[in-house]
Amino acid sequence: MGYNNKSSGVFSYKVFWFSLCAPVVIAVILMLAIAHNDNLSLDWPSQYSLTIFLKYMEVPIWIFGSSIPFATLAAANYRAIQFQENLDFQRRNLERQELEHVVDLYHKELILFKDKFEAVVHNGKFKCIRPEDATIIYTRFFPKPKKAGDCIFKIDDVRVDYIYEIIKFVEKEAFLIEKYNEEIKVGSELELKCDLMKRLDIGLNQEEERVIINSLNIYDVKLMVLLFIIEEKLLSACHSIGIKHHSIHYFPVVTVFESFMDVVGLYCSILPEDEGYNKYRISDERRVEFGDVINHWLEYSSIQGNYSANEGYTLNDFINQLRIILVKSNM
C-alpha cells in the first residue's frame, strides 16, 4: 500500500477484514455443527432455551467475540504500517531534495571548470585538447553524484591511477630507449632497429630488411619505436579522459607526440593538491626531461626535416622513405 494511493482507510486493509470475518465464520460453522450433532432446534427465547444455548454454544460464542480484539490488532497494525510508509515517503522526499541540491552544486562546479579550462588550454599551449572537451573531461574525472551522500568534489582515484600508470610506462620506455648505445650492452642499436622492423611489418625479406637496417637513422628508429609504444597506450588513455585519439596510422607523427604531451599536461593540471596525491605527481623537471629527449631525437632525425617541409608527415611517409632506400640500393 503506497502513501499516495487512494484508499478508504482501514476498511481497505485485507488483514482487517480477515481478522474480523474469520472468527465469525468459524463460530457460525461450529454452531451449525453442534446444533446438528446434538439435535438442537430453534425455540422461542426463554430462560431454559437461553441456558441450553449458552451451555452448548460457549466455545463458538468465545470465538465469535475474539473477532473484535483481532480486528483491533489489525487496525493498529494498519496504522503502524501507514505511519512507517509516511516516514519512508518523507525520507525519500528529503533524499530527493538533497540529491537535487547536490546535482545543482555539481553543475555549478562544472560551469566554473569550463570557464577555467579555457584558460588552462590557452596557457598550457595544448595542441590537441580543445576547450569544448571540458564537459566530458570533468564528468570523467569527477563522476556525477547518483545519491545524496556522494561527494561532488572527489576525483576518481581509479582513473587517476590508470592515467598515471600509462604516463609512467611511456616515460620509462622513452628513457630506456634513450640509453641505447650509452649504457646498454653493445649491439642494442641493432636490436632496436630489428624491433622497429617487426613493428612495421611491411613484408620485406631478410636481405631487404638488412639493407634498411644498415641505412636507418638511429634517431628515426628511437622516435618510431616510442611512437608505437605510445600508440599502444594512447587510445585507452584518451578514452578514459574523454578526448580525441590521434592515432599514428592517421595523423602526423609530431601530432601523436603532441597528443601524448597534452594528456600529461592535462593530468598534471587536474590532479588535486592534497598531499594524498603526491604519489601520483609528475615533477616539472621530469616533464621537461622527457620533452628534451623527444626534441633531441627530432633534431637529429630525418623526420624533423620532412615534417618541416611537409606538415602531414605520417607513418606511411616514413614507410615510403624506407622503400625509397630499397630502390636506391638496387640501382
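Scanning for something within 30 Å of GLU109 (Cα to Cα) and assigned to a helix (DSSP H, G or I), does region 208-223 turn up at least one residue?
So in region 208-223, the residues within 30 Å of GLU109 (Cα to Cα) come out as none.
Checking region 208-223: not a single residue is within 30 Å of GLU109 (Cα to Cα) and assigned to a helix (DSSP H, G or I).
Starting from region 66-88, keep only residues that are farther than 26 Å from VAL28 by Cα and outside the structural domain of ALA27 (by TED's automatic domain parsing), then list their pairs with residues that are at pLDDT 85 or above and assigned to a helix (DSSP H, G or I) whose Cβ atoms are within a distance under 9 Å, requiring at least 6 positions of separation or different chains.
The qualifying pairs do not exist here.
What number of residues within region 140-155 are touching an Asp or Glu at 6+ places or on another chain (Cβ under 8 Å), of a type outside the set (A, V, I, L, M, F, W, C) and surrounded by 15 or more Cβ atoms within 10 Å (Cβ to Cβ)? Let's see the steps before the verdict.
Looking only at region 140-155, we keep the residues that are touching an Asp or Glu at 6+ places or on another chain (Cβ under 8 Å), and these are 140-143, 147-148, 152-153.
Then keep just the ones that are of a type outside the set (A, V, I, L, M, F, W, C); that gives 140, 143, 147.
Now drop any that are not surrounded by 15 or more Cβ atoms within 10 Å (Cβ to Cβ), which leaves 140, 143.
Number of matching residues: 2.
Within region 76-130, work out how many residues are assigned to a helix (DSSP H, G or I), of a type outside the set (Gly, Ala, Ser) and farther than 21 Å from ILE155 by Cα. Full working, then the answer.
Of region 76-130, the ones assigned to a helix (DSSP H, G or I) are 76-123.
Those still in the list that are of a type outside the set (Gly, Ala, Ser) too: 77-79, 81-118, 120-123.
Add one more test, that the residue is farther than 21 Å from ILE155 by Cα, and what stays is 77-79, 81-97, 122-123.
Summing the residues that are assigned to a helix (DSSP H, G or I), of a type outside the set (Gly, Ala, Ser) and farther than 21 Å from ILE155 by Cα in region 76-130 gives 22.
Please tell me if PHE89 is surrounded by 13 or more Cβ atoms within 10 Å (Cβ to Cβ) and of a type in the set (Phe, Trp, Tyr).
yes
Between ASN214, ASN316, ASN320, ASN278, which is surrounded by fewer than 14 Cβ atoms within 10 Å (Cβ to Cβ), within 25 Å of PHE113 (Cα to Cα) and not aliphatic (A, V, I, L, M)? Working first, answer last.
Working: ASN214 fails: within 25 Å of PHE113 (Cα to Cα); ASN316 fails: within 25 Å of PHE113 (Cα to Cα); ASN320 fails: within 25 Å of PHE113 (Cα to Cα).
Of ASN214, ASN316, ASN320, ASN278, the one residue that is surrounded by fewer than 14 Cβ atoms within 10 Å (Cβ to Cβ), within 25 Å of PHE113 (Cα to Cα) and not aliphatic (A, V, I, L, M) is ASN278.
Quick check on my filter: what residues within region 266-301 are among the acidic types (Asp, Glu) and outside any helix (DSSP H, G or I)? First the steps, then the outcome.
Filtering region 266-301 down to residues among the acidic types (Asp, Glu) leaves 273-275, 284-285, 289, 292, 299.
Residues satisfying the conditions are GLU273, ASP274.
Name the helices (runs of 4 or more DSSP H) wholly inside region 1-75 in which the number of residues that are surrounded by 15 or more Cβ atoms within 10 Å (Cβ to Cβ), at pLDDT 80 or above and under 60 Å from the mean Cα position of the chain (by Cα) is 2 or more.
Details: elements: 14-37, 47-56, 58-65.
The qualifying helices (runs of 4 or more DSSP H) are 14-37.
In region 231-265, how many are of a type in the set (S, T, N, Q), crowded, with 18+ Cβ neighbours inside 10 Å and in a loop (DSSP other than H, G, I, E, B)?
Selection size over region 231-265: 0.
When ASN217 is evaluated against the numbered criteria (1) in contact with a Phe, Trp or Tyr (Cβ under 9 Å, 6 or more places away or on another chain); (2) closer than 28 Å to PHE142 by Cβ; (3) modelled with pLDDT under 90, which criterion, by number, is the only one it fails?
For ASN217, the failing item is (2).
The values are calculated or read from the model by the stated rules, or taken from the named source; none is laboratory data. The shown structure was predicted, so the numbers you read here are calculated from the model rather than taken from an experiment. Note: ideal-geometry Cβ built from the backbone for every residue, glycine included; neighbour counts use all protein chains shown.
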